[in-house]
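Report on one structure; see the data block that follows.
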Amino acid sequence: MSVIPQDAYRRDAETNPYRPWPARITSIIDLTETEKLFEFRIIDPEIRESFTFQSGQFVELSIFGVGEAPISISSAPSKQGFVELCVRCAGDVTGALHAKQCGDVVGIRGPFGRGFPFQEMKGHDVLLVAGGLGIAPLKSLINHIHDERHEFGKVTILYGAKNPAEVLFRYQFDMWKHRDDFDLILTVDEPDESWDGERGLVTGLFDQIEVDPDNTYGAICGPPVMYKYVIDEMRKKHMDVDKIYVSFERRMKCGIGKCGHCGVGHQYTCVDGPVFNYWEAMNLQGAI
Amino acid sequence: MFFRMVEKDQIADLVRGLASEYEVVGPVEKQGRFVFAPVTGAEELRLDYDTTLLPPKRWFFPPEETIMRFRTADEEVTDDEVFAPPRVLFGLHPCDINALLLMDNVFTRDYVDPYYKARRDNTLVVGVSCTPSDTCFCNVWDTDEVHWGFDVFLTDLGDRYYASLRTVKGAELLDDYVKSSEVTEEDTAEFQRVVGEFKQAFDNDVDTTQLPVLLDAKFDSPIWDEFGEQCLSCGACSMVCPTCYCFDVTDRLAPDQKSGRRVRTWDSCQFKEFAAVAHGQNFREGRASRVKYRYYHKQWGYLSKFERVLCVGCGRCARACPSDISPVRVIEALQTGGVR
């Protein structure tokens with residue numbers, strides 16, 4: 001087998017933003033029938049060490065022969081050396097990833113885009129609202145807040161899923177239910193007999209929470225239909241439009257503001273987002 | 001900038017000289033229309049062309065190109081070198097050079113695109129003045145003039161060219177291959193007269209007043225439904241556009257499945273799947289939303305980032321559209337509220 005010299009490899013990788021870095025799958029956890037949590041370790045030690053990111057950013061996951069897919073990072077930036085991606089088996093690339101085993105190698109490019117304003121959020125209350133797979137990018141933010149918990153005021157997490165089998169990261173949330181420094185409320189549309197949480201849509205949970213409108217940052221991620229209704233609830237609580245952050249899913253094909261697929265209004269989701277505040281999002285025609 | 005006068009009969013020497021060092025690409029006639037193609041001598045060039053079918057973007061950003069070769073076993077890239085031969089694009093009009101400048105903003109700023117950049121760096125541009133055709137509206141965007149983005153620009157003064165030398169390389173080419181002479185005051189006066197006539201020759205009058213405001217304020221206007229009804233989603237407008245840069249990327253495996261190529265191809269926001277994501281959601285499912293997005297991005301989205309509209313008024317899309325949708329018609333509809 002021919003080996004590409006390390007020097008040549010690094011030089012190319014640094015100058016070519018389209019070139020994925022080989023990364024090894026170090027852990028796979030089955031979360032639901034369709035979602036798995038993958039942990040990756042970039043093989044090149046220098047690239048691995050320089051790989052730092054913000055919660056809310058995404059990577060391009062590459063499987064040669066199949067293609068690339070944009071996936072938001074689920075792990076906290078404080079967890080260095082590893083990247084966690086919560087991936088739904090939804091298309092060609094994610095399907096091929098689901099067929100991979102621990103130890104297999106894939107490609108990763110990134111991190112790309114603008115994440116949540118973590119530093120700005122410090123010193124404030126935080127209200128995080130997730131629907132379905134939208135918990136994936138918020139999980140990074142939640143874990144990051146957890147790591148620096150003393151820097152934040154009240155932290156409230158509202159998370160809605162279709163049914164109990166589709167609740168992601170349930171093992172972690174079950175543990176957190178007993179903590180008094182996170183107000184965590186889970187709800188499902190279609191509960192079964194095992195479910196002891198709330199029932200109904202995530203917007204229904206707003207009756208149960210108190211929000212200090214002058215001191216609270218909001219972060220929302222979920223299916224496209226969800227945003228408008230959650231934002232309505234936040235606005236009813238008098239939260240500022242520029243303190244409500246939303247993360248968008250679009251077809252970020254190149255990740256670097258060139259290919260055009262993720263265009264929304266006058267912006268590109270990949271470089272201008274995927275996290276926008278609501279004032280910006282309102283100004284993106286066709287976004288919400 | 002420096003200027004020299006070049007007799008027209010010197011162009012043959014210039015092209016011959018250039019061809020000894022570079023691949024020379026210029027406008028040639030093809031079945032009554034014009035295309036950019038490699039030439040070996042000036043006699044093949046048609047510097048009096050109106051416009052070409054395809055813009056010169058393909059020489060920097062080909063319709064299809066391999067961006068890397070890979071090995072599937074270990075996900076390694078085996079080759080991502082760029083093929084960028086020394087080339088001269090000879091005879092570009094101001095609109096097309098301006099279009100390159102707009103492309104440069106996208107491909108050579110943040111996250112430099114190594115493929116585009118290598119070709120741009122290795123390509124000399126020799127511009128030539130033009131006369132407006134019936135679909136040209138470059139005057140509307142002030143792209144009928146160009147002051148950078150080229151090495152030499154030749155303004156036609158009848159039997160001579162008034163040559164603007166923008167780069168060292170451009171100046172050297174003239175020195176090396178042609179006999180040129182000093183520009184006199186009379187030459188510059190003649191240049192002014194010719195350019196003045198050129199400006200007068202445009203007869204279209206497109207009202208671009210407050211276009212970004214209109215695009216937002218009339219986002220839900222029924223004019224978009226009308227254009228959506230007419231549009232066939234063929235994407236011809238994007239393919240012939242000198243400023244459309246959107247692309248798709250696909251992997252092609254070799255028959256043994258062990259290696260392959262990652263290939264990028266021109267794409268169009270007018271194609272139905274362009275904004276679709278994995279599990280069925282399509283953010284621009286309807287044709288009206290796609291036609292609207294194209295104009296919204298060109299006249300406002302790009303403008304908001306780079307302070308120029310993403311259109312140079314070359315008129316190629318107006319010629320290519322089977323439904324006669326054109327920027328001029330769209331802008332007029334935005335101004336008046338009715339589609340004509």
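Descriptive notes on the structure:
- In Hz, Karplus ³J(HN,Hα) per residue of the stretch B:274-291 (6.51, -1.76, 1.60; θ = phi - 60°; x = Gly, Pro): 3, 10, 7, 9, 3, 9, x, 6, 10, 6, 9, 6, x, 4, 4, 5, 7, 4
- Remark: mean inter-chain Cβ contacts per residue of A:167-174 equal 0, using a 10 Å Cβ-Cβ cutoff to other protein chain atoms.
- Using the Cβ-Cβ distance between residue A:41 and residue A:180 with R0 set to 45 Å, the FRET efficiency works out to roughly 0.85.
- Rg/Rh ratio calculated on Cα atoms of the stretch B:106-182 (Kirkwood radius): 1.04
- Summed side-chain charge close to residue B:317 - residues other than residue B:317 whose Cβ falls under 12 Å, Lys, Arg +1, Asp, Glu -1: +4
- Pairs of C-alpha atoms in the stretch A:118-282 farther apart than 18 Å represent 60 percent of all such pairs.
- Residue B:276-residue B:207 pseudo-label distance in nm [points 7 Å out on the Cα-to-Cβ vector]: 4.1
- Take the accessible area of A alone and of B alone, subtract that of the pair with a 1.4 Å probe, and the total buried over both chains is about 4000 Å².
- Separation of the stretch B:285-331 from the stretch B:141-183 is 31 Å, based on Cα centroids.
- Debye intensity ratio I(q)/I(0), log10, the protein assembly as shown, q values 0.06, 0.09, 0.12 Å⁻¹ (C-alpha model): -0.39, -0.82, -1.23
- For the stretch B:74-93, the residues whose backbone nitrogen is under 20 Å from a point 7 Å from the Cα of residue B:306, taken along Cα to Cβ, are B:89, B:92-93.
- Alpha-carbon centroid distance for the pair the stretch B:57-90 / the stretch A:83-141, whole angstrom: 30
- Summing charges over neighbours of residue B:222, with a neighbour being any other residue whose Cβ is under 13 Å away from its Cβ, gives -2 when K and R count +1 and D and E count -1.
- Extension gain, residue B:40 back to residue B:12 (0.36 nm per residue minus Cα-Cα distance, nm): 9.1 nm
- Separation in nanometres of the label points that stand 7 Å from Cα toward Cβ, at residue A:149 and residue A:82: 2.0
- Pairwise FRET efficiency - residue B:121 versus residue A:33, Cβ, R0 = 41 Å, nearest 0.05: 0.20
- Looking at chain B, the accessible area is 44 square angstrom per residue; that uses a 1.4 Å probe and ignores ligands, DNA and RNA.
- Rg over Rh for the stretch A:67-203 works out to 0.98, using Cα positions for both radii and the Kirkwood form for Rh.
- Exercise: per-residue mean of other protein chain Cβ atoms within 10 Å, B:63-76: 4
- Chain B pair-distance distribution - Cα-Cα, 20 Å bins, rounded %: 28, 54, 18, 0
- Taking the convex hull of Cα positions in chain A, its mean projected area over all directions (nm²): 15.4
- Here the Karplus curve 6.51 cos²θ - 1.76 cosθ + 1.60, taken at θ = phi - 60°, turns the phi angles of the stretch B:240-246 into couplings of 8, 7, x, 10, 6, 10, 5 Hz, with x standing for Gly and Pro.
- Neighbouring partner chain Cβ atoms per residue of A:85-91, average, 10 Å criterion: 2
- Summing +1 for each Lys or Arg and -1 for each Asp or Glu among the other residues whose beta-carbon sits under 13 angstrom from that of residue A:176 gives +1.
- Span-rule helices in chain A, defined as complete DSSP H runs reaching 15 Å or more along the axis (Cα) with Kyte mean at least -0.5: A:135-147
- Sequence-distant contacts, meaning Cα pairs under 8 Å at least 6 residues apart, place the relative contact order of the stretch B:211-336 at 31 percent.
- Per-pair calculated FRET efficiency, R0 = 51 Å: residue B:234 and residue B:185 via Cβ, rounded to 0.05: 0.45
- Rg in Å to one decimal, and Dmax rounded to a whole Å, for the stretch B:2-200 via C-alpha atoms: 18.2, 70
- For chain A, the dipole from Cβ point charges (+1 on Lys and Arg, -1 on Asp and Glu) about the Cα centre works out to 900 debye, to the nearest 20.
- Listed by chain and number, the lysines whose alpha-carbon sits under 21 Å from that of residue A:79, ignoring those within fewer than 8 places in the same chain, are A:36, A:122, A:139.
- Based on Cα contacts under 8 Å between residues 6+ apart, chain A shows a relative contact order of 17 percent.
- Fully extending the segment from residue B:54 to residue B:197, taken as 0.36 nm per residue of separation minus the present Cα-Cα distance, adds 48.8 nm.
- Rg/Rg_ref, the stretch B:188-340, where Rg_ref = 2.2 N^0.38 Å and atoms are Cα: 1.28
- Pairwise label distance in nanometres, residue A:242 with residue A:228, each label 7 Å out on the Cα-Cβ vector: 2.6
- Normalised per residue, the volume of the convex hull around the Cα set of the stretch A:6-111 (Å³): 96
- Distance between the stretch A:244-258 and the stretch A:148-214 - C-alpha centres, whole angstrom: 26
- Of the trypsin sites (Lys or Arg not before Pro) found in the stretch B:106-152, the ones in coil according to DSSP and having at most 14 other Cβ atoms within 10 Å of their Cβ are B:109.
- The charge dipole of the stretch B:211-336, taken about the Cα centre with unit charges on the Cβ atoms of Lys, Arg (+1) and Asp, Glu (-1), comes to about 480 debye, rounded to the nearest 20.
- Per atom type, the stretch A:6-111 shows carbon and sulfur on 44% of its accessible surface, probed at 1.4 Å.
- When you filter the trypsin sites (Lys or Arg not before Pro) in the stretch B:201-307 for DSSP loop state and at most 12 other Cβ atoms inside 10 Å of their Cβ, you are left with B:258.
The values are calculated or read from the model by the stated rules, or taken from the named source; none is laboratory data. Everything quoted here is computed from the prediction, not taken from an experiment. For neighbour counting, all protein chains shown are included, and Cβ atoms are generated from backbone atoms with ideal geometry for every residue, glycine included. Areas reflect the complete protein model, heavy atoms only, side chains present, ligands, DNA and RNA absent. Shrake-Rupley method; radii C 1.70, N 1.55, O 1.52, S 1.80 Å.
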